[in-house]
Structures are given as C-alpha cells and as structure tokens.
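First the structure, in the form of structure tokens, and then the observations on it.
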Amino acid sequence: TGAPYSLTLAAAMQTAPGATAPPPSSPAWSIEGQLPPGLALEAATGVISGTPTTEGTYAFTVTATLVDGRTAAKALSIKVITALAIITPQAIPASEVGVALRVELGATGGTPPYTWALSTGALPPGLALTAAGAIVGRPTSPGTFRFTATVSDSGGQSQSYSATLIVRPRLALATT
C-alpha cells in the first residue's frame, strides 16, 4: 500500500503451435472483477497503474479485444501488502563496558519472515546483531559506534535503520 504500481498487459497472436506474433492492431483492454482500490486500467494501452490503498488479494479477468471482434481473456490477481517499515526505538540507550545489553530491532508490514544484517559501520566489540534483529552481548570497549542495520522481508523489500551506540567506561570504586 502507498507505493506506485504499474503493469503493462500484452497480447500476442498464436501463429503456429508454440509460436506467437504481435496482433495486427492494438487491442482494447477491459477488466471484469475488481482491481485494488487506487489502481486503474488504461483501456487503450493495457497499463494497470496507480497507488494501491487497501491490503488484500484482488482477482479479476482481463480481456483483449481486437477491432475485428476477436477476444482473449485471462484471469489474474494482484496481492497488495503493507510496505515494510521499521518499528524500533528512536535511539539505542547508552551502555557500559562489561554490562549485558539487549536491544530488539523490529519491523512490520511486508512479507515475513524478516532478516536483519549490519549494512554499514560497526557495533562495539562484544556486541552482535542477530538475524532476528537483536543486538546482544557485553561491550568490551568504550566509544561511539555508528552503524546501519538493514531488514529484508521474504518478498524482496528492505528498509534501513541508522543509529549510534555509545559505550561508556564502567565506573569502579577504588579503595585506598
């Protein structure tokens, strides 16, 4: 939903078994059934385009009609899903050397399952990003670490999350 979509329909004449050629004239296109809300068919060009607004699977039949009245029809469907989006804290809390840290990065929409990977930068030594989106471990070095994690869904969508993680030296009390 919310992403531009375009599909160009095409017709061909079967000239011999297994062989096809373009039709002698451009067909007029029509649809029986329902396109996803936000999409429309341009009858003269066979282009289905627009920006879908509602999730769901929409089944319809397209028909190509030549000027001499010959027709061909085909059943199709379009599945509309919510775009992949990251749902995670705006900032990762600061940590201390040697203190266990676990931060869950999350995503919604798209086509689960999701897979997370570090795409740029680096996490502090001692921390790792799991494929499930958890930053886990015990940082071993202080510093400021900038990184980008990318989530991908099984439908080929991806989104990135950039963050800075600050690791402070651990405060220790000394006796004299």
Worksheet item: Across the stretch 2-45, which residue is farthest from the chain's Cα centre (by Cα) among those that are at positive phi and either assigned to a strand (DSSP E or B) or in contact (Cβ under 8 Å) with a residue 60 or more places away in the chain (or both)?
Response: 33
Response to the item:
Among residues of the stretch 83-111 being under 11 Å from residue 163 (Cβ atoms) and in contact (Cβ under 8 Å) with a residue 24 or more places away in the chain, the residue most open to solvent (accessible area, probe 1.4 Å) is 91
Item to complete: Confirm whether residue 38 is modelled with pLDDT under 95 and either of a type outside the set (A, V, I, L, M) or open to solvent by less than 40 Å² (accessible area, probe 1.4 Å) (or both).
Response: no
Discussion item. Quick check on this structure: which one of 114, 161 is surrounded by 13 or more Cβ atoms within 10 Å (Cβ to Cβ) and closer than 30 Å to residue 39 by Cα?
Written reply: 114
Worksheet entry | Unmet requirement for residue 58, which otherwise passes all of (1) closer than 25 Å to residue 37 by Cβ; (2) part of a loop (DSSP other than H, G, I, E, B); (3) in contact with a strand residue (DSSP E or B) (Cβ under 7 Å, 6 or more places away or on another chain) | (2)
Worksheet item: Does the stretch 168-175 contain any residue that is open to solvent by 60 Å² or more (accessible area, probe 1.4 Å) and in a strand (DSSP E or B)?
Response: yes
Discussion item. Could you check the stretch 117-157 and list, in sequence order, the residues that are modelled with pLDDT under 95 and surrounded by 14 or more Cβ atoms within 10 Å (Cβ to Cβ)?
Written reply: 157
Fill in: Candidate set: the stretch 60-82, residues that are within 27 Å of the chain's Cα centre (by Cα) and open to solvent by 70 Å² or more (accessible area, probe 1.4 Å); chosen: the one nearest to residue 1 (Cα to Cα)
79
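The values are calculated or read from the model by the stated rules, or taken from the named source; none is laboratory data. Just so you know, these numbers come straight off a predicted model, no measurement behind them. In this analysis, Cβ positions are derived from the backbone assuming ideal geometry, glycine residues included, and neighbour counts consider all displayed protein chains. For the accessible areas, the whole protein counts, side chains as well, though only heavy atoms, and no ligand, DNA or RNA atoms are used. Shrake-Rupley method; radii C 1.70, N 1.55, O 1.52, S 1.80 Å.
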